[in-house]
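Engineer: Let me give you the structure first, and then I'll get to my questions.
What follows draws every value from the coordinates through simple rules; no lab data is involved. Just so we're clear, the structure is a prediction, and the values are computed from it rather than from any experiment. So basically every Cβ, Gly included, is an ideal-geometry build from the backbone, and we count neighbours across all protein chains shown.
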Amino acid sequence: MTIRSTAIAAVATLALSGGLAQAQTTAQPGAGAGTSNQPGPGGTTSAPGTGGTPGQTPPSGMRDQSRSGGADMKAQAFMHEAALGGLVEVELGRLASEKASSDEVKQFGQRMVTDHGKANTELKALAEKKSVTLPTELDSKHKQTVEKLSKLSGAAFDRAYMDEMRKDHKKDVSAFRQQSMSGSDPDVKSWAAATLPTLQEHMQMAERTHAAVGTSGKSITGSGSDNAAGGKTGPHSGTGNPSGGVTETPAPAGR
């Protein structure tokens, strides 16, 4: 009886030990069994369901405001570029009003100040409604453009300014047309559509004025016109030769 009792006790002890070991194994997660919420080596606790890098914010004061009724990131980017473009148009327009030698270029510059000043005011009001922060001064790229043109004067300024205006308004018309057709924010899309006709008119004016000052810096008027080398051609001035001089037409020989 003593031997049998001892054997039964030993079997019961082994069974109990096995049960405890199995319970401990079940309680410990295996490799890859889940994501721990314990802080990593850098002390950062990862939060499930969040995309992107923690702590990063969009540049230039732009925020993801789509959940709060503000403009989304694409609309904010368009507004940001439109604001910079409007600022430089006004700044260069004032410069043209002062430095241009052509009356047409002066008038074009004054028109830019008026029209883009109005558009800038409208855009500022829209940005406030959308809680979007717009730039209030030029960036380095546009500052360089203003600085470059401010060093010119006379016909050289006229040509450089109108060349800049022609290129800028082609880009503006393309950007505003795209925004007016496929913009993601209804209010921004509507503003772009309302502003587009004015920009299209500016582009046509820029093309005409650029053509007028493209050769001499002043309107091409009068009886003669400039040839490619800078010489004059006209009904009584002879024919401009390639070197820029004037070849006189010999008078008929007398009898």
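Engineer: What nm value, rounded to one decimal, do you get for the distance between Ser131 and Gln200 when each label is placed 7 Å out toward the C-beta?
Structural biologist: Label-label distance for Ser131 and Gln200, simple model: 3.6 nm.
Engineer: Going down the table (Lys129/Lys170; Lys106/Lys148; Lys118/Lys167; Lys124/Lys148; Lys148/Lys171; Lys118/Lys148), which pairs top 24 Å between alpha carbons?
Structural biologist: Violating the 24 Å Cα-Cα cut-off are Lys129/Lys170; Lys124/Lys148; Lys118/Lys148.
Engineer: Could you check the spin-label model distance between Thr114 and Ala211? Points 7 Å from the Cα along Cα→Cβ, value in nm.
Structural biologist: 2.3 nm
Engineer: So for the pair Lys141, Ala77, with labels modelled 7 Å out along Cα→Cβ, what separation do we get in nm?
Structural biologist: 1.3 nm
Engineer: Rounded, prolate or oblate, given the Cα gyration tensor of the range 68-213, with a/c below 1.5 counting as rounded?
Structural biologist: Values: a/c = 2.49, a/b = 1.84, b/c = 1.35.
Prolate.
Engineer: In the range 171-191, which residues have a backbone nitrogen under 20 Å from the label point lying 7 Å from Leu152's Cα in the Cα-to-Cβ direction?
Structural biologist: Correct set: 171-172.
Engineer: I need the phi-derived Karplus couplings for the range 119-133: 6.51 cos²θ - 1.76 cosθ + 1.60, θ = phi - 60°, integer Hz, Gly and Pro marked x.
Structural biologist: Those phi angles translate into 5, 5, 5, 5, 5, 4, 5, 5, 5, 5, 5, 8, 6, 10, 8 Hz.
Engineer: Would you mind counting up the charge near Ser180? Only other residues with Cβ under 13 Å from its Cβ, with Lys and Arg at +1 and Asp and Glu at -1.
Structural biologist: Net charge in that neighbourhood comes out at -1.
Engineer: Would you list which aspartates and glutamates come within 15 Å of Lys141, measuring only between C-alpha atoms, while excluding same-chain residues fewer than 8 positions from it?
Structural biologist: Glu81, Glu89, Glu91, Glu164, Asp168
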